[in-house]
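The values are calculated or read from the model by the stated rules, or taken from the named source; none is laboratory data. Since the model is a prediction, treat every value here as computed from it, not as a measurement. Here the Cβ positions follow ideal geometry from the backbone for every residue, glycine too, while neighbour counts run over all protein chains shown. Accessible surface areas use protein heavy atoms only, side chains included; no ligands, DNA or RNA. Shrake-Rupley method; radii C 1.70, N 1.55, O 1.52, S 1.80 Å.
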Amino acid sequence: MTGEWLDIGWADEIPVRGSRTVQVEGGDDIAVFRTGDGRVFALADRCPHKGGRLSQGIVHGGAVACPLHNWRIALATGEALGQDKGCTPVIPVKLSGGRVLICRASTMQAAA
Amino acid sequence: MQHQSHPAAAFEREHLVVIGNGMAGCRAIEELIARDASRYRVTIFGAEPHVNYNRIMLSPVLAGEKSFDEIVINDRRWYAANGIELVTSDPVLAIDRAARTVTARSGRMVGYDRLLIATGSDPFIIPVPGKDLPGVITFRDMADVDHMLAAAGKGGDAVVIGGGLLGLEAAHGLTLRGMKVTVIHLMPTLMERQLDEAAGWLLKSALEARGQTILTQANTAEIVGTDAVEGVRLKDGTLIPASLVVMAVGIRPCTALARDAGLAVGRGIQVDDHMVTSDPSILAVGECVEHDGNVYGLVAPLWDMCRALADGLTDSHSGYRGSVTSTKLKVAGLDVFSAGDFSGTDGAEDIVLRDASRGIYKRVVVKDDRIVGAVLYGDTGDSGWYFDLLKRGEDIGAIRDMLIFGQAFASGGGVADPKAAVAALSDTAELCGCNGVSKGQVVACIEAGAHSLDAVRAGCKASASCGSCTGIVETLLATTLGDAVEAGPRTMCNCTSFGHDDVRREIVAQQMCSIPEVMQKLHWATPDGCSSCRPALNYYLLCALPGDYVDDQQSRFVNERMHANIQKDGTYSVVPRMWGGLTNPRELRAIADVVEKYDAPMVKVTGGQRLDIFGIKKEDLPAVWADLNAAGMVSGHAYGKSLRTVKTCVGSEWCRFGTQDSTGLGVKIERMTWGSWMPHKFKIAVSGCPRNCAEATIKDFGVVCVDSGYELSVGGNGGIKVRATDFLCKVATEVEAMHYCAAFIQLYREEARYLERTAPWIERVGVEYIRARIADDAEGRDALAARFHFAQQFLQDDPWAARAAGAEREQHAPMARFTPHDATKEMA
Ligand SMILES: Cc1cc2nc3c(=O)[nH]c(=O)nc-3n(C[C@H](O)[C@H](O)[C@H](O)COP(=O)(O)OP(=O)(O)OC[C@H]3O[C@@H](n4cnc5c(N)ncnc54)[C@H](O)[C@@H]3O)c2cc1C
Ligand code: SF4
Ligand code: FES
């Protein structure tokens, strides 16, 4: 049995202002983002608009622009910004000694 | 030899033993003495041979700005006057909690009633081969500084590993001491924990201007040398010679002693709000402790800790609550300040001021009308004020508009209205520093009929260079004309007040060569742009600096990053190039094999006579490319703002009407133009006669072959608004047709706005202009074509090949996989 947090790898394996994914069997992928100033966030890899892969969007400031129709989603809250309304599930993340840990329970939920 | 402390004295006063004669240990004692000088008898053990000195001043000592004597905090008289016994050069090696004694390296053992651990931090040494060679040192204490000074005395090359606060101070000192210094930093920007990208970029430029070599995104593989260090080798193979290597990659709380004694240790020695460890008679303070999950690496929090500690030791009860820290770089002449959280997430907003001519960058992050972070570069005069507002959580709603201009402006009531401030300026006041334009000249220009920002820029040059006075010029337009102001061309996006054309012009005029540099020099209002401006800037730089500009992948739309088209279900489609629309059994077989092997659900002939394979998974893309490459096929760039296809008809080779070899010419044109990045997608067609079977008159560049030569036409597209081409000119030979094509493409590449197709571009500038540049100006045409061919040297390599060979492999593979089976079992 592992702990509350799942260790998914080194933060510097994620491109700056880019993302990587975590595959969840039987569920949505999780998109793990790294911002220009080195903060790490994770969201379900599914845009609240029409399901675009947020992991493939352009990351700027604390948001990502969805590659399909350019909605902007806040990385910290998963909320669509501006005129758009919608929300993507957020997976809590923490950094420890350069490793990225994501919340196990939320990951399970994403898989459910 | 063993030494037992004096029993009579112990009887009168409790004995407080301190391990560590550094900043926190001594400060704690100062605080204690200030409260109650007679309560404890104090003994301090120090590993170093010195009295208590100011460690943060080691950088100025290294730089030659201060001597050691000037950085001593407490000299021997202080210890004597307060009855403190100081033991130097004798580190404590063990604590016996049951017997309440400590034992030092010399064998000296003393008993304590209370023990204070203040051992600070150990520098982190990256575990690379060669790390133990003579000449590899850290930057932590006076001995390290002595070592560096000795090495610098011999001159030569130094490498500093780590571009953080400490590393940069070491690099600066060594540079001043005459060494040739290279800084190796793993991350893309310097001091990335404290500064954002823009400030990091400014810092890097300033340090380079001082003669240092700064290598970012550089990973140390090994330190080479036999008897002493000779150089550093990076993971990419680069070898940097060095006779001195300073490791400044980070620190770790020094906890071994406490851990051996069985105290609770996490990242640091765990303490409560009064700095008491898991053993009630042992306290700990400084960098070696962990409080509430936090460890600190700066002095300000230590002062707070020392106060709480002394309060606890003297029975008063205010405890430590954690600290907000700020950072300043002590490199002479470079003003850098950073505090709080400036990552701009969670509903926080950025207020950014960039003043390129003065080299200033300020960013204040505001959330719910409170400052949560600040980064200042170049002008840190207001750092104290911002930091104070931040720590106190002050409501800044009322001064928000003025906040970024600093304390004097924000609290100066009278000038709080920018219109009034501009109106108050005298006519002779210089508004535009770059072009030396006064307020009076701007007003005169407006009154003479310049009713828009662009007209003012054209008329008197104000705000036409760096643009920092744009806001003032706009205010003047508004106050002079009221509602008569004409809106200028739209700005590139909300991050800037500049339009596309201004940005392109300035990139060339000021020879800018990176996105952060453009953002700084042109006063971007956001820290790292948005999804509109970043791809545009990336393209403009790529176009302006062929061969030199390093493409920024993260500023490209997913299709260009993945070299395939993203489809609505998240899979990709792949289009290999088929030159001029021709193919052969080998290529068809390779495509058929890929379709089967990767279960592609659909293959389709595109409008541009190519085959499009749909439904490829992201992780399969590299293998698909490898298979197609193996059959000799390269990327069709069907995903990019780039040359897509050259459509052809069969022409004279087969067709009874054909006048020229349209297929052959199409193949040649495609071989010449493929790979070229453009402002938008670009299509070409060649038809063999005026029947125009290749539909050349609705393409960006069309050729219609006729008996006497080649009719060239431009600016067509079959998009939402169908537009037929404008006739450009007629030429006699294939070679000319290709030459004109190259010149036209380059003109489009250099002058159209990003995401502007040729049709709206030509409607905007007029077809006469295009004719004047391509058909009538032979010299200009040759120059354009030459620039095109020069750029093509760098652009014509197949992006699939590199990717198939493993470049940026991680873009395709998931970082981790999570299989919830075990977890489900646990839950059942
Ligand atoms: C070059 C340099 C520049 C810096 N610049 C800044 C700055 O500008 N601003 C800022 O806020 N901070 C700066 N810092 C950090 C600051 O110096 C530290 O935060 C501060 O010194 C920590 O105090 P401390 O007492 O916990 O540790 P230290 O000051 O390191 O003191 C610990 C002492 O304990 C001794 N010791 C360790 N183990 C034993 C043992 N077993 N027995 C006896 N003695 C032992 C060590 O030899 C050392 O003298 C800088 C640090 C360095 C090295
Ligand atoms: S354009 Fe002319 S040459 Fe080409 S296929 Fe049609 S009819 Fe034949
Ligand atoms: S699916 Fe994300 S914007 Fe439409």
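Distance between the C-alpha centers of region B:346-368 and region B:75-109? Whole Å please.
49 Å
Roughly how many Å² is the accessible area per residue of region B:685-828, as a whole number, for a 1.4 Å probe?
46 Å²
For the residue pair B:Ala525 and B:Asp75, what label-to-label distance in nm results when each label sits 7 Å from Cα along the Cα-to-beta-carbon direction?
5.8 nm
Looking at the calculated P(r) for region B:638-797, what percent of the C-alpha pair distances fall above 23 Å? Each step should come with its number before you reach the end.
Details: 3831 of 12720 pairs.
Looking at region B:638-797, the distances longer than 23 Å represent 30 percent of pairs.
What value, in deg cm²/dmol to 500, does the helix sum -39500 (n - 2.57) over DSSP H runs of n ≥ 4 give at 222 nm once divided by the residues of chain B?
-9500 deg cm²/dmol
Length gain on complete extension for the stretch B:Glu768 to B:Ser67, per 0.36 nm per residue less the alpha carbon to alpha carbon distance?
245.1 nm
With each label point set 7 Å from Cα along the Cα-Cβ vector, what nm distance links B:Ala300 and B:Phe794?
With each label point 7 Å from Cα toward Cβ, the separation is 4.2 nm.
Quick one: of A:Lys85/B:Lys641; B:Lys647/B:Lys668; B:Lys521/B:Lys681, which pairs are farther than 23 Å apart, Cα to Cα? Present the calculation step by step, with values, prior to reporting the outcome.
On the way: A:Lys85/B:Lys641 30 Å; B:Lys647/B:Lys668 12 Å; B:Lys521/B:Lys681 29 Å.
Among A:Lys85/B:Lys641; B:Lys647/B:Lys668; B:Lys521/B:Lys681, the Cα-Cα distance tops 23 Å for A:Lys85/B:Lys641; B:Lys521/B:Lys681.
Return the distance in nm (one decimal) between the two label points of a simple spin-label model at B:Arg400 and B:Asp427, each offset 7 Å from Cα along Cα→Cβ.
3.9 nm
State to the nearest 20 debye the size of the charge dipole of the protein assembly as shown about its Cα centre, where the only charges are +1 on K and R beta carbons and -1 on D and E beta carbons.
Dipole magnitude for the protein assembly as shown comes out near 1360 debye.
Can you list the residues of region B:715-747 with backbone N under 11 Å from a point 7 Å past the Cα of B:Asp777, pointing along Cα to Cβ?
Under cut-off, by backbone N: B:747.
State in Å² the accessible area per residue of region B:333-395; use a 1.4 Å probe, count heavy atoms of protein chains only, and round to the nearest integer.
Per residue, region B:333-395 has an accessible area of 37 Å².
Of all accessible surface on region A:5-106 at a 1.4 Å probe, what whole percent is carbon and sulfur?
Answer for region A:5-106: carbon and sulfur cover 47 percent of the accessible area.
Taking DSSP loops as anything outside H, G, I, E and B, show the longest stretch in chain B free of chymotrypsin sites (Phe, Trp or Tyr not before Pro) there with at most 15 other beta carbons within 10 Å.
B:125-653
Of the accessible area of region B:136-249, with the probe set at 1.4 angstrom, what percent is carbon plus sulfur?
Solvent-exposed carbon and sulfur of region B:136-249 make up 51 percent of the total.
Tell me: how much accessible area in total is hidden between A and B, 1.4 Å probe, Å², nearest 100? Kindly include the intermediate steps, with their values, before the conclusion.
Working: alone 6310 and 36660 Å², together 39300 Å².
That pair hides around 3700 Å² of surface in total.
Only sites in a loop by DSSP and with at most 10 other Cβ atoms within 10 Å count here; which trypsin sites (Lys or Arg not before Pro) in region B:543-576 make the cut?
Working: sites: B:Arg556, B:Arg561, B:Lys568; in loops: B:Arg556, B:Lys568.
Passing sites in region B:543-576 are B:Lys568.
If the label point is 7 Å along Cα→Cβ of B:Arg259, which residues in region B:79-112 have backbone nitrogen under 20 Å from it?
Inside the label zone: B:91-97, B:103, B:105.
How big is the gap, in Å, between the Cα center of region B:244-272 and the Cα center of region B:615-674?
Between the Cα centre of region B:244-272 and that of region B:615-674, the gap is 62 Å.
Of A:Gln83, A:Gln23, A:Gln56, which has the largest mean-square fluctuation in a 10 Å C-alpha GNM of chain A?
Of A:Gln83, A:Gln23, A:Gln56, the Gaussian network model singles out A:Gln83 as fluctuating most.
Let me know the Rg and Dmax you get for region A:5-106 when you use only its Cα atoms, in Å.
When restricted to the Cα atoms of region A:5-106, Rg and Dmax are 12.5, 38 Å.
For A:23-32, what's the mean count of beta carbons from other chains sitting within 10 Å of each residue's beta carbon?
Partner Cβ neighbours, averaged per residue: 4.
To one decimal place, what orientation-averaged projected area in nm² is obtained for the convex hull of the Cα set of chain B?
47.5 nm²
Accessible area drop of at least 30 Å² (1.4 Å probe, protein heavy atoms): which residues of region A:62-84 qualify, relative to the chain alone?
Residues losing area: A:Gly62, A:Pro67, A:Leu68, A:Ala76.
Tell me which lysines have Cα within less than 17 Å of B:Lys328's Cα, excluding those fewer than 8 residues away on the same chain?
Partners within reach: B:Lys204, B:Lys362, B:Lys391.
At a 1.4 Å probe radius, carbon and sulfur cover how many percent of the accessible area of region B:609-685?
53 percent
Counting every Cα pair in the protein assembly as shown, what percent are over 48 Å apart?
37 percent
Applying the Karplus parametrisation 6.51 cos²θ - 1.76 cosθ + 1.60 with θ = phi - 60° to the phi angles of region B:232-243, what ³J(HN,Hα) value in whole Hz is obtained for each residue in order, glycine and proline being reported as x?
10, 9, 8, 4, 7, x, 4, 10, 10, x, 6, 9
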